[in-house]
Amino acid sequence: MSELRFTEDHEWVRLEDGGLAVVGISEYAQEQLGEIVFVELPEVGDEVEQGAETAVIESVKAASELFAPVSGTVTRINEALNDEPALVNEDPIGEGWFLQIETDPDESLDGLMTEDEYLRYVEGLG
């Protein structure tokens, strides 16, 4: 499993072989949102741009957006979230992933934070 990288908007991305990027939200983000009750995901085949709104997350507290950490084509969505959006609360880095994006195999995650950098960033928000 590759290293996770994080955005300042609390998304995580994991690049897998062949330029496939798995995307979700961080534990910090799901804790801030509270109980997630609905997720609106993009369609498979949608083109997404890095930094653009890609999905909508609704919780008992608020609605929020998921922004694409990389550009590319949506190749798969986590259908389980349609029936069980609380998977994001239970396992945001695992079973609660949102979508997969086919990106350029040479895509660099250099502009995104490592897990250690992200944890320091979150500490500074408190």
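Numbers below:
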item	result
Distance in nm between pseudo-label sites at Glu27 and Asp46 (7 Å out along the Cβ direction from Cα)	2.8 nm
Within region 36-72, GluC sites (Glu not before Pro) in DSSP loop having at most 11 other beta-carbon neighbours inside 10 Å	Glu43
Accessible surface of the chain, 1.4 Å probe, proportion on carbon and sulfur as whole %	42 percent
Heavy-atom surface of the chain, accessible at 1.4 Å and reported per residue (Å²)	54 Å²
Cut-off 11 Å between beta-carbons: net charge of the residues surrounding Gln100, Lys and Arg +1, Asp and Glu -1	0
Neighbourhood net charge (13 Å Cβ-Cβ; Lys/Arg +1, Asp/Glu -1) for Asp9	-3
Spacing of the two label points (7 Å from each Cα toward its C-beta) at Ala80 and Ala63, in nm	2.7 nm
Estimated 222 nm signal from helices in the chain, with DSSP H stretches of n ≥ 4 weighted -39500 (n - 2.57), rounded to 500	-5000 deg cm²/dmol
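The values are calculated or read from the model by the stated rules, or taken from the named source; none is laboratory data. Because the structure is predicted, anything quoted here is derived from the model rather than measured. Using ideal geometry, Cβ is built from the backbone for each residue, glycine included, and neighbour counts are taken over all protein chains shown. Note: accessible area is taken over every heavy atom of the protein model, side chains too, but ligands, DNA and RNA are not part of it. Shrake-Rupley method; radii C 1.70, N 1.55, O 1.52, S 1.80 Å.
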